[in-house]
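Read the structure below first, then the notes.
The values are calculated or read from the model by the stated rules, or taken from the named source; none is laboratory data. Just so you know, these numbers come straight off a predicted model, no measurement behind them. Positions of Cβ are generated from backbone atoms using ideal geometry, with glycine treated the same way; all protein chains shown enter the neighbour counts. Heavy atoms of the whole protein, side chains included, go into the accessibility calculation; ligands, DNA and RNA do not. Shrake-Rupley method; radii C 1.70, N 1.55, O 1.52, S 1.80 Å.
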Amino acid sequence: APAERAPMMWMQNQLCGLANGINEMLLQSHSGIIHVFPALPSSWRAAGFVHLRARPGVAVSARRTDGITRWVTLAATETRTVRLRNPWPDEPPEHIVLVDPAAGTEDLPFKLDGHGNIELHLAADQPLQLTLRSHLPIDEELDAPGDEAHEPWSFTGPIRLRPTDPEPDGTWTSWWGKP
């Protein structure tokens with residue numbers, strides 16, 4: 001019941017919903033087909049994400065600039081075959097290239113299924129990157145910051161939500177209120 005909730009629990013619930021909504025704009029895989037930037041507003045000309053998890057257990061990273069997907073990186077901890085909705089449906093298949101960024105090899109094999117989705121084989125712990133041949137070489141890497149890095153969206157130190165709150169100790173419950 002609402003009366004039994006901690007005073008700030010509603011905010012935590014709303015922020016979780018906001019985060020889920022943004023994730024859904026960047027990546028979807030509910031149907032078993034990975035789709036990058038499926039619901040990005042056209043006014044968002046540049047976007048990127050790192051290591052979002054897609055079904056079936058695939059880490060996906062992607063970069064979009066000037067309204068065009070520049071590259072998509074896929075990695076898995078187990079060997080698997082995945083399907084990706086073609087981020088460049090108007091391009092001929094020969095313009096799409098699959099690259100092993102660690103080895104620098106291009107033109108790794110992939111195929112298109114009957115619906116235009118890209119199907120590729122991921123070896124365990126071997127990230128592969130898809131891009132357009134015209135976007136080679138890929139000179140901009142996108143990586144998640146380490147734990148020691150200052151992230152612009154994170155708190156720079158403990159803050160109080162209300163002047164009467166105790167000094168936060170850095171845990172989520174200290175920011176959002178004890179249950």
How much of the accessible area of the stretch 50-124, in percent, comes from carbon and sulfur atoms when a 1.4 Å probe is used? 49
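If you average 1/r over all unlike Cα pairs in the stretch 41-119 and invert the result, what Kirkwood radius do you get in angstrom?
Working: mean 1/r = 0.0724 Å⁻¹.
Result for the stretch 41-119 stands at 13.8 Å.
Just flag the trypsin sites (Lys or Arg not before Pro) in the stretch 19-82 sitting in loop per DSSP whose Cβ has no more than 13 other Cβ atoms within 10 Å. Present the calculation step by step, with values, prior to reporting the outcome.
Values: sites: Arg45, Arg53, Arg63, Arg64, Arg70, Arg80; in loops: Arg45.
Listed in order of number, the matching sites are Arg45.
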